[in-house]
Amino acid sequence: MIKHTKQELLDGLQKMGIVKGDILVIAADLGEVGFTEGKLQDVIMVALLDAVGESGTIIAPCFTNYYFIHEIDKEDVFDIQKAPNSGSLSRIMLNHPKSHRSLHPTNSFVAIGAKAEEILKGHDENSLSYDPVGKAIDLNAKMFLIGCVASSPGFFSVHYAQQALGLTQKRFLKPKREVYYKDKNGEKKLFIKKDFGGCAKGCYKFYSHYVVDGGLTTGWFGNAYCIIMNGKRAFDVAYKILKTNPRFALCDDPLCGSCRASWSFNKRDYIPYYLRKIFKK
Ligand SMILES: [Zn+2]
């Protein structure tokens, strides 16, 4: 059985051009990394933090549940200690003594490093979901996918481009959008979500455009295939495409309710979608 050492993982990161001082916005499937010498989570964290150094920063999504209006769970109150449902990397990062987490009730982010507080500052119930991604891009961050190139949300710069174009607020049907949270005074309040990243199964469509742009680098983190790109370049690619064709990021599934029947910029799919649903029954 091959066990990856911390040094091997670090070498992989450096081969992808990651240097001290880098800011990485990461989406990861750590199950793809393989076995490591030592506890997987410890080896991974040490490798990532060593690669960016004291002056660098790593950021990951730390998203949590929200509910249909009629199904809201009064016990499920977002607070900063709450476990995220967006993967093992964010859980591992939250356990790090130097981690910071933003206060957005559904789309918080976790960050560790020199710019962590600056990037997460002010991201709360009054913010749009992907604001920290925009701040990181402004600070010259790189978008980084570990082991989830085919299955992931894609680069978060796509969601930030959707947000910058106002598309994340163009959800026509928004039934599932509420959760309770505690405000700064500890008072329990209802959060009503106003923006949505939507289905992420169409994010792969941008990959060939990143390759054409020339900014995409590929590599390995253990057994996990990775892609990495300067955030501003990745954002520019997505923004340019989505500006002329907001439907570009939608997936190909004819029965995907999120893509086919919830966006005001995709009304053409509503009727075919409901006809398909009826005939499928
Ligand atoms: Zn979809």
Only one of Y210, Y204 is aromatic (F, W, Y), within 16 Å of the ligand (Cβ to nearest atom), within 15 Å of S157 (Cα to Cα) and assigned to a helix (DSSP H, G or I), namely Y204
**Prompt:** Can you find even one residue in the range 213-235 that is assigned by TED's automatic domain parsing to the domain that holds I72, free of Cβ contacts under 8 Å to residues at least 24 places away in the same chain and of a type in the set (V, I, T)?
**Reply:** no
Quick count over the range 18-32, residues being assigned to a loop (DSSP other than H, G, I, E, B) and within 21 Å of A200 (Cβ to Cβ), is 1
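Here's the yes/no breakdown for (1) of a type outside the set (D, E, K, R); (2) surrounded by 13 or more Cβ atoms within 10 Å (Cβ to Cβ); (3) under 24 Å from C148 (Cα atoms):
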site: E178; (1), (2), (3): no, yes, no
site: I228; (1), (2), (3): yes, yes, yes
site: L242; (1), (2), (3): yes, yes, yes
site: K267; (1), (2), (3): no, no, no
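From the list D22, D73, D29, pick out the single residue that is over 24 Å from P153 (Cα atoms) and in the same structural domain as N230 (by TED's automatic domain parsing).
The unique qualifying residue is D73.
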*Inspect all residues belonging to the range 68-88 and state whether any of them is in contact with an Asp or Glu (Cβ under 7 Å, 6 or more places away or on another chain), more than 24 Å from M229 (Cα to Cα) and surrounded by fewer than 22 Cβ atoms within 10 Å (Cβ to Cβ).*
yes
When every residue in the range 253-267 that is in a loop (DSSP other than H, G, I, E, B) and hydrophobic (A, V, I, L, M, F, W, C) is compared, the one farthest from the ligand (Cβ to nearest atom) is L255
Per the list (1) assigned by TED's automatic domain parsing to the domain that holds Y160; (2) within 12 Å of the ligand (Cβ to nearest atom), residue check on Y239 breaks on (2)
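Residues are listed down the side, and each one gets a yes or a no for (1) of a type outside the set (A, V, I, L, M); (2) outside the structural domain of G154 (by TED's automatic domain parsing); (3) crowded, with 19+ Cβ neighbours inside 10 Å; (4) not in a helix (DSSP H, G or I):
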| residue | (1), (2), (3), (4) |
| --- | --- |
| D42 | yes, no, no, no |
| A47 | no, no, yes, no |
| D50 | yes, no, no, no |
| I59 | no, no, yes, yes |
Considering residues that are touching a strand residue (DSSP E or B) at 6+ places or on another chain (Cβ under 8 Å), without any contact (Cβ under 8 Å) to a residue 60 or more places away in the chain and of a type in the set (D, E, K, R), the number found within the range 74-123 is 3
Being more than 16 Å from the ligand (Cβ to nearest atom) and assigned to a loop (DSSP other than H, G, I, E, B) is the requirement here; does G215 meet it? yes
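The values are calculated or read from the model by the stated rules, or taken from the named source; none is laboratory data. Treat the numbers as computed from the prediction; the structure is a model and nothing was measured. Note: ideal-geometry Cβ built from the backbone for every residue, glycine included; neighbour counts use all protein chains shown.
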